[in-house]
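The values are calculated or read from the model by the stated rules, or taken from the named source; none is laboratory data. This is a predicted model, so every value here is computed, not measured. Neighbour counts are summed over all protein chains in view; Cβ atoms, including those assigned to glycine, are modelled from backbone coordinates with ideal geometry.
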C-alpha cells in the first residue's frame, strides 16, 4: 500500500511542478507591459465613427438639441464648435425654399430631416429646423438647411441670421416684387452682411419672377460691395430642378476653387428626373398662415397628459386670444378666469397681503382648474381644465412655465 501511495505521489509531483512556469518563461512574462491604453470616447457617435453633428439622433429622421439659452445663441455656439460646411436656403417675399428642400429630397431619395431644439430640463419644443443631407460625388454629405423654421418670430429671425452668417453658401430666393420694393427687402440682408457675425463667403440671389430678376440686376452689384462676399445672380427660376441646377453649379465652382488639385471634391450632381422637381414653385398666396405664438402655446399645452382645455385670455376684457380643447364655449373659460383672478386679487388686498395673485388652483371632483398669469405677456392669463387622475398640478406647472418662457417678449396678439 505504501509503495502504491509513493508511486502515485511520484507521478503527481511532475504535474504539480508543470503547473508553474519555468524561471525562463516567468522572466519573459514579467517583461511584457501589462498596461493597456484606454481611449475614452465622448459620445456613442464618436465611438461608432459617425461625423460630429448638432444634437443627438433620436430616430424618425429627427435630431434633438437641448439648450438652456436662446435658440439663436445655442446654434451659434454649435456652429462655432463644429465648423460645418453647408448651404442655407432663405426666402424673401416667397415660401419657395421649403418646396425646393422637399423636391431635392424626393429626387435624391433622401429624407427630409428635422433639428428639434428643446428647452433643457423641460423638453419644451422651441424650434424645428428642416434639412436634407445630399450625397456628393465623393460620398461626402452636403447639408441643406432651410431658414423657414417652425418657431416664434423672434427665434426664427435669430435662426435665420445664424444659418446665413455661418453657411458656406447662402442662397436667397426672391418672390414677385415691384422694382421699388426690392432694395427695401434686401436692406436687412445688407445690414447682416456688414455685421461682425457674418462669416459666409458666398451669396447667391435667385429671382422667381421676371420683374424681380430685372430689379436685382440693378442692385446686386452694390449689395455686398465692400463686404468681402462673392455674390452671384442666377437667372429667373420657376421650378426646383432649375434652382438646383444653378445652386449645384455654384457649389461645385466653390469646391473647384478651394481644391485646385482636384482631390476630394465634394461635387453635387444633377437631380434625377422626378415629379417634385419638375413642378412649378408654389403660389405664395396659397401658403397657409403660420400659427401665432399663442396658438402654438395652447396646442402644445393641450397635448400634455391630463389636460382637456386650455384658454388664453385678456384679464382686463376677458377676450379669448387662443383656445384648444373640448369646451364648447371658450368665452366662458375666459370670463370665469377673469372673475377668479379678480376675486383672488381682492382677497389678498383685503387681507393686507402684498403682490398680485399669479396662480390659482381649484380642486374637486374628476376635473380641476388651474389659472396662471403669463409672465412673458403681462395682462394675459391661462385657464386650464385638467384631470388630476392623469396628471397633477406639480407636474403640469413647470411645463406651462416653460411654454410661457418660450413666448416672445414683444406683443404677439
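What the table shows:
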quantity	calculated
Complete set of residues in the stretch 319-341 that are crowded, with 18+ Cβ neighbours inside 10 Å and outside any strand (DSSP E or B)	330, 333, 334, 337, 338, 341
Residue 395 vs. criteria within 28 Å of the chain's Cα centre (by Cα), closer than 17 Å to residue 308 by Cα and outside any strand (DSSP E or B)	yes
Elements of type strands (runs of 3 or more DSSP E) contained in the stretch 75-181, each with 3 or more residues being under 14 Å from the mean Cα position of the chain (by Cα) and either in contact (Cβ under 8 Å) with a residue 12 or more places away in the chain or buried (at least 19 other Cβ atoms within 10 Å of the Cβ) (or both)	113-119, 125-135, 141-146
Some residue of the stretch 238-254 being in contact with a strand residue (DSSP E or B) (Cβ under 6 Å, 6 or more places away or on another chain), crowded, with 16+ Cβ neighbours inside 10 Å and not in a helix (DSSP H, G or I)	no
Meets criteria (within 30 Å of residue 408 (Cα to Cα) and either modelled with pLDDT of 85 or more or surrounded by 13 or more Cβ atoms within 10 Å (Cβ to Cβ) (or both)) for residue 269	no
